[in-house]
Amino acid sequence: DRRVRWGLDDAAVGAVGAILLVLAADWALGHGYLTDPRVVEVLSYLVVWVPLLGSILGACYLRGSRSLARDFGLRFRPIDLL
């Protein structure tokens, strides 16, 4: 079945999740809970990428064919390492 079963609602879940986590991290930083710059740097990547990638994986595995290559055209070749 080539019909797409995901759409804007799945993208919105990832975007809203990322925004909420960014606001939570900003609140924690502003209140002094996060002081180590290395932790802040890692957290700044995680709060954005985890919800965005999670929404893609959720759409693929819950509503799609459970194949990133088939659903989104994501393929990995050895040349991609370079």
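Derivation of every value follows stated rules applied to the coordinates shown; laboratory data play no part. In this text the structure is predicted, and so the values were computed from the model without any measurement. Methodologically, a virtual Cβ is constructed for each residue, glycine included, from the backbone with ideal geometry; neighbour enumeration extends over all protein chains shown.
Just a few scattered comments:
- Residues of region 1-46 classified as among the charged types (D, E, K, R) and assigned to a helix (DSSP H, G or I), total: 5
- Positions within region 47-70 being outside any helix (DSSP H, G or I) and surrounded by 15 or more Cβ atoms within 10 Å (Cβ to Cβ), in sequence order: G64
- Remark: pairs (first residue in region 69-82, in contact (Cβ under 8 Å) with a residue 12 or more places away in the chain; second residue surrounded by 10 or more Cβ atoms within 10 Å (Cβ to Cβ) and of a type outside the set (A, V, I, L, M, F, W, C); Cβ separation under 8 Å; 6+ apart in sequence or on different chains) = D71/G64; D71/S65.
- Of all residues in region 1-16 being touching a Ser or Thr at 6+ places or on another chain (Cβ under 7 Å) and surrounded by 15 or more Cβ atoms within 10 Å (Cβ to Cβ), the one that is nearest to V47 (Cα to Cα): G14
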